[in-house]
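Presented below is the structure to which this report refers.
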Amino acid sequence: MARSDLQASPQTPAVPLTRPDGSPIRVLAVDDERSLTELLSMAMRYEGWQVTTAGSGLDAVRAAREVRPDAIVLDMMLPDFDGLEVMRRIRAEDPNVPVIFLTAKDAVEDRIGGLTAGGDDYVTKPFSLEELIARLRGLLRRTGAGLAREESNLVVGDLVLNEDSHEVYRAGEEIHLTATEFELLRYLMRNPRRVLSKAQILDRVWNYDFGGQANVVELYISYLRKKIDASRSPMIHTMRGAGYVLRPAAD
C-alpha cells in the first residue's frame, strides 16, 4: 500500500471521553502500514484511550474478539481481505461497533461502498490526526459508546468524578463517598496540581471558617486517602505548611 503521509499537528487535549463506567475508551486501529498505526496509537493514547493495532484482516477480527473495542479505525485495503469483509466478520459477533474507514483519496467507490455496507464514517488519506480524533469523538458520542455528557465529568489521571450522578471511579473501579467526601474530592479535582490551603478548602467545602477546628480538613483528607489511594499509587499529597494537592499518580 502506498505511504499515507499523515498531516500531524499539535493537539490540545479535550475533555477526556470515557466509557460509562469511567474506564478508557477502547479503539482498534487496523492498517498494514506500521508507521501509520503507530501515529494513530500515539494520538489516541494522548486522548487517554486504550489502543489495539492490527496489520491484517485476520488479526483485526481476532483482536476485536479479544478486546471488544468501542470503535474501529479500519483501512479499506489490507493484505488478506478488504475492510468491508473485516467489518462483516467483526459485526457478526458485535453488531453495533462503530467503524471509520480509511480510504485512498481517489477511491470514491471505496467510500460509497463502505457507507452503503454500514460503515459509520470515512476519512481520506492523507488526513490530519486532529481530524481523525475529532471524527472518532463525534462518532463515540453519537453511538453512545462514550459518555454523552462529557462536561459532567472531572478527570485527573485514572480518577473520574461525574458531577451529575455523583459516581466516582478510579481505574474503572467504583468508589463510594459520603456527600462531604464527594465535595472535597470535587474541589481537589477542579484544581489539579494546585496546592490548596486548609482555609481555602474550609471556605469552599464547608462554606465557613472553622477557626481552630481546621483539623476537620485533615480528618476528611484521611478519609479520602483511604478510599482513593488505598493499595494504589497516591494521588493526594500533603505539602507541609502549605496544604494539599491532587496530582495524577504518574506525576
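Most tightly packed first, judged by the mean number of other beta-carbon atoms within 10 Å of their residues, the peptides 54-61, 133-140, 70-77 read 70-77, 54-61, 133-140. Shown is the FRET efficiency for residue 152 and residue 67, computed with R0 = 22 Å from the Cβ-Cβ distance and rounded to the nearest 0.05: 0.25.
Take the Cα of residue 46, step 7 Å toward its Cβ, do the same at residue 240, and the gap between the two points is 4.0 nm.
The modelled label-to-label distance for the pair residue 197/residue 91, using points 7 Å beyond Cα in the direction of Cβ, is 6.0 nm.
Readers should treat all values here as calculations from the given coordinates under stated rules, not as data from a laboratory. Here the structure is a predicted model, which is why all the values come from computation and not from measurement. All Cβ positions, even for glycine, are placed from backbone atoms using ideal geometry, and neighbour counts span all protein chains on display.
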